Amino acid sequence: MKEYLSTSAFHNSKGTVVTIGTFDGVHLGHKAILKRLVESALSEGLESVLLTFFPHPRMVLQKETDLKLLNTLSEKKARIASLGVDHLIIHPFTVEFSRLTAVEYVRDILVNQLHIKKIIIGYDHRFGRNRTANIQDLREYGRTYGFEVEEISAKELDDVAVSSTKIRNALLDGDIATANSFLGYPYTLHGTIVKGKGIGKTLGFPTANLKIDESYKLVPMNGVYLTQATVHTRKYYGVTSIGTNPTVGGKEKTIETYLMDVSEDLYDQPFALEFISWIREEHIFESIAKLKEAIAQDEQFARSFLEQYG
């Protein structure tokens, strides 16, 4: 898959089949669209193109929302590359870009830069300044500029019943099972293991403290989870606590993982953390002894879960 940082950087002599969207999460619904895109391009001897945007348009136009995303750019690229798309364009989304009229958007970008022959798009797609143009307008432009419009119907989208918003809400509720079922893969955080305060070690459960790479990445609800960590090519199961460690007077939010059956030093290592199951909410325990007892029970839950389902 070839990658481009703007539509103007795209150069290709063949005609293209294009789909457009933010594709945050690259979930099961997105995968169905991209499969259709790739198959259509192959059958018609064209190149498949996914046009997406960064930052997410809501980050630019609705800054007060503090939107968190399911994928970082590198995660999104890896997911899309695995699906056979020929070209991925990550166009900078700016206020100026949002002010392009519908005809400027279609003529100058889709037709003149992307050499579009076909677009595969949802029935509710809107575009142009203030998002005033719809799929009927797009069909009119298709007749004018010579490209086909293939509509993904409301029924098709409803049948999938998946959306990035539903997945974000599930993660913010600690509902890992629902989020993973919609994604089609375990929700994952990427980052680096950094030194913490060493509290876990004093409790007999040393933890790897994850510093995530991008601040816009969504972190699931505070609580305790069964996870699987990947360090380089090695995989370890663990119990991850997200929260402020209130029992020991913590204030800052941390992501700490007790890796079961691991004793080696993993500091400064790249770390991928996959969420498998919710265990419990974060609690303030009446004593350190009660906290240690709860962590031991978390580990027992994790081992029992893995024996049953792993």
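Structure above, values below:
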read-out: Segment 225-270 - residue that is acidic (D, E) and part of a loop (DSSP other than H, G, I, E, B) and, of those, nearest to D173 (Cα to Cα); value: E252
read-out: Identity of the residue in segment 241-256, hydroxyl-bearing (S, T, Y) and under 24 Å from the mean Cα position of the chain (by Cα), that ends up nearest to G223 (Cα to Cα); value: S241
read-out: Residue identified as touching a residue at least 12 places away in the same chain (Cβ under 8 Å) and farther than 23 Å from I152 by Cα among T65, T22, T72; value: T72
read-out: Within segment 140-169, tally of residues that are of a type in the set (D, E, K, R), surrounded by 13 or more Cβ atoms within 10 Å (Cβ to Cβ) and in a helix (DSSP H, G or I); value: 4
read-out: Residue within segment 144-155 that is of a type in the set (F, W, Y) and either in the same structural domain as G243 (by TED's automatic domain parsing) or without any contact (Cβ under 8 Å) to a residue 24 or more places away in the chain (or both) present; value: no
read-out: Elements of type helices (runs of 4 or more DSSP H) in segment 25-105, at least 3 residues being out of contact with any Gly (no Cβ under 6 Å at 6 or more places or on another chain) and either closer than 25 Å to A161 by Cα or not assigned by TED's automatic domain parsing to the domain that holds E156 (or both); value: 28-44, 57-61, 73-81
read-out: Test: residue in segment 286-306 that is among the polar types (S, T, N, Q), surrounded by 14 or more Cβ atoms within 10 Å (Cβ to Cβ) and not in a helix (DSSP H, G or I); value: no
read-out: Filter result (acidic (D, E) and in a loop (DSSP other than H, G, I, E, B)) within segment 271-283; value: E281, E282
read-out: The listed residue being over 23 Å from the mean Cα position of the chain (by Cα), aliphatic (A, V, I, L, M) and either assigned by TED's automatic domain parsing to the domain that holds T240 or surrounded by 14 or more Cβ atoms within 10 Å (Cβ to Cβ) (or both), out of L172, L114; value: L114
read-out: Segment 68-83: number of residues that are among the aliphatic types (A, V, I, L, M) and surrounded by fewer than 17 Cβ atoms within 10 Å (Cβ to Cβ); value: 3
read-out: Residue check, S43 crowded, with 16+ Cβ neighbours inside 10 Å, over 30 Å from M221 (Cβ atoms) and either at pLDDT 95 or above or not β-branched (V, I, T) (or both); value: no
read-out: Residues located in segment 4-22, provided they are modelled with pLDDT of 95 or more, assigned to a loop (DSSP other than H, G, I, E, B) and not small (G, A, S); value: L5, F10
read-out: Matching residues, segment 210-224, being crowded, with 20+ Cβ neighbours inside 10 Å and either free of Cβ contacts under 8 Å to residues at least 12 places away in the same chain or in contact with a Gly (Cβ under 8 Å, 6 or more places away or on another chain) (or both); value: L210, P220
read-out: Odd one out for Y123 among (1) without any contact (Cβ under 8 Å) to a residue 60 or more places away in the chain; (2) surrounded by 15 or more Cβ atoms within 10 Å (Cβ to Cβ); (3) farther than 30 Å from F275 by Cα; value: (2)
read-out: Exclusive hit being under 21 Å from V26 (Cβ atoms), at pLDDT 90 or above and of a type in the set (S, T, Y), set T240, T144, T178; value: T178
read-out: Hits in segment 257-296 (condition: over 16 Å from V231 (Cβ atoms) and within 25 Å of the chain's Cα centre (by Cα)); value: F275, I276, S277, W278, I279, R280, E281, E282
read-out: Residue selected from segment 31-53 under the condition in contact (Cβ under 8 Å) with a residue 40 or more places away in the chain and out of contact with any strand residue (DSSP E or B) (no Cβ under 8 Å at 6 or more places or on another chain), by the criterion nearest to T188 (Cα to Cα); value: K31
read-out: Residues (in contact with a Ser or Thr (Cβ under 6 Å, 6 or more places away or on another chain) and of a type outside the set (V, I, T)) located in segment 230-250; value: G238, G250
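The values are calculated or read from the model by the stated rules, or taken from the named source; none is laboratory data. This is a predicted model, so every value here is computed, not measured. All Cβ positions, glycine included, derive from the backbone under ideal geometry; neighbour counts span all protein chains shown.
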